[in-house]
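One structure below.
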Amino acid sequence: MVRLITHNLLACHAKGCTSNNFPLQLKDVQLEQREAEFNPDFLRRFMPKLDWGALVDTARQLGDDSLPLEQPEMFDDDFLRKLHHVLLEVSVEEGAMVCPNCSHIYPISNGIPNMLLAENEIG
Amino acid sequence: MSRPELVAPPEIYYGDTEASKYTQNTRIQQIQAEMTYRAMELLNIPEGETAFLLDIGCGSGLSGEILDEEGHIWAGVDVSPSMLEIALEREVEGDLFLQDIGQGFGFRPGSFDGAISISVLQWLLNAETSHPTSSPPHRLTRFFTTLHSALKNPSRAILQFYPTSDDQIQLITSIAQKAGFGGGIVVDYPNSKKARKVFLCLFVGGGGGQQV
Ligand SMILES: [Zn+2]
């Protein structure tokens with residue numbers, strides 16, 4: 001499974017692809033919903049690592065518009081529960097991640113993205 | 001019996017048969033669990049805190065299961081599809097990636113609170129082709145540089161591996177240092193040929209917490 005928590009940290013690692021290589025664009029996805037344990041302390045600590053714009057855009061592309069466009073200043077329980085769902089309870093099982101810069105396609109099959117590069121793409 | 005890393009590259013060696021043999025072997029399970037607990041101890045995450053961790057060479061999820069039990073959230077990478085297949089069947093909680101660590105990571109700076117790796121690094125010491133990007137120093141450099149960047153400051157990466165010589169330890173530690181890591185080698189049971197375990201303990205920044 002690829003959860004959005006991981007997708008939000010992932011940029012393209014092909015040779016020479018160092019700018020505009022994030023976020024990877026999700027294509028032709030099949031999603032799965034699964035329950036995960038709610039951990040507000042973890043989420044609060046994780047907030048600074050997130051690229052908020054990329055997270056909201058990606059979630060909206062997947063049909064989830066529960067998160068506000070602007071990152072809130074106060075993290076109340078209601079907000080953290082929505083964030084929890086988006087980050088940890090939605091997973092991409094099939095489809096692909098496409099680099100917005102070099103167009104490298106990372107296929108996702110059976111929940112596992114193939115991150116292998118060809119010889120000429122290795123930095 | 002030859003060491004597996006000398007027989008074939010990991011994604012070939014750990015085909016369906018070896019991957020399931022490895023996972024079902026209770027002796028391997030036990031050693032793997034002990035080393036994972038020891039790596040977690042060296043990782044020094046504050047008691048009771050849920051961390052976001054990277055499992056490097058997660059295989060069939062033997063370590064991942066322990067990370068799940070301890071309440072951590074993790075992503076795992078492995079180059080063997082057969083191993084990952086078994087990890088899926090075992091329903092581990094982490095996000096799994098088919099990835100060759102010698103090609104480096106694409107994770108954004110500061111993504112992980114720590115990383116562990118059990119019995120993997122020795123695979124990077126063997127060249128797979130004659131292509132320049134396949135030489136062990138090149139692959140180790142890609143690996144350590146992109147790992148260093150993927151970890152937050154301060155944090156640690158604990159990598160247990162099986163070196164065959166002090167030269168190998170020297171090569172690995174010097175490349176890790178060049179990539180920006182501090183830290184060094186911890187050897188458990190140094191005088192027992194069988195039980196001896198080598199842990200490469202890498203620090204980003206001060207490594208966090210008290211020294212090992
Ligand atoms: Zn790219």
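Things to note:
- The set of residues in region A:109-122 being in contact (Cβ under 8 Å) with a residue 40 or more places away in the chain, within 16 Å of the ligand (Cβ to nearest atom) and either surrounded by 12 or more Cβ atoms within 10 Å (Cβ to Cβ) or under 20 Å from A:Asp41 (Cα atoms) (or both) consists of A:Pro113, A:Met115, A:Leu117, A:Glu121, A:Ile122.
- Test: A:Ser103 is away from chain B (no Cβ under 14 Å) and at positive phi: yes
- Pick from region B:120-146, criterion at pLDDT below 95 and assigned to a loop (DSSP other than H, G, I, E, B), ranking: farthest from the other protein chains (Cβ to nearest Cβ): B:Asn126
- Every residue from region B:87-106 that is within 27 Å of B:Ser134 (Cα to Cα) and at the interface with chain A (Cβ under 7 Å from one of its Cβ atoms): B:Asp95, B:Leu96, B:Phe97, B:Leu98, B:Gln99, B:Asp100, B:Gln103, B:Gly104, B:Phe105, B:Gly106
- Residue match in region A:34-53 (condition: more than 10 Å from chain B (Cβ to nearest Cβ) and touching a residue at least 60 places away in the same chain (Cβ under 8 Å)): no
- Test: residue in region A:32-48 that is in a helix (DSSP H, G or I), surrounded by 17 or more Cβ atoms within 10 Å (Cβ to Cβ) and not aromatic (Phe, Trp, Tyr): yes
- Total residues in region B:51-82 satisfying the condition of being within 11 Å of chain A (Cβ to nearest Cβ) and out of contact with any Leu (no Cβ under 9 Å at 6 or more places or on another chain): the figure is 2.
- Tally of residues being away from the ligand (no atom under 16 Å from the Cβ) and open to solvent by less than 70 Å² (accessible area, probe 1.4 Å) across region A:64-107: 21
- Qualifying helices (runs of 4 or more DSSP H) (wholly inside region B:2-61; at least 3 residues being loosely packed, with under 14 Cβ neighbours inside 10 Å and not basic (Lys, Arg)): B:16-24, B:26-43
- Against the numbered list (1) outside any strand (DSSP E or B); (2) within 13 Å of another protein chain (Cβ to nearest Cβ), A:Ser91 comes up short only at (1).
- Out of B:Ala8, B:Ala19, B:Ala51, one residue alone is more than 19 Å from A:Asn110 (Cβ to Cβ) and modelled with pLDDT under 90. It is B:Ala8.
The values are calculated or read from the model by the stated rules, or taken from the named source; none is laboratory data. Keep in mind that this is a model prediction, so the values were computed, not measured. Virtual Cβ from ideal backbone geometry, glycine too; neighbours counted across all protein chains shown. What goes into the accessible areas is simple: the full protein's heavy atoms, side chains included, and nothing from ligands, DNA or RNA. Shrake-Rupley method; radii C 1.70, N 1.55, O 1.52, S 1.80 Å.
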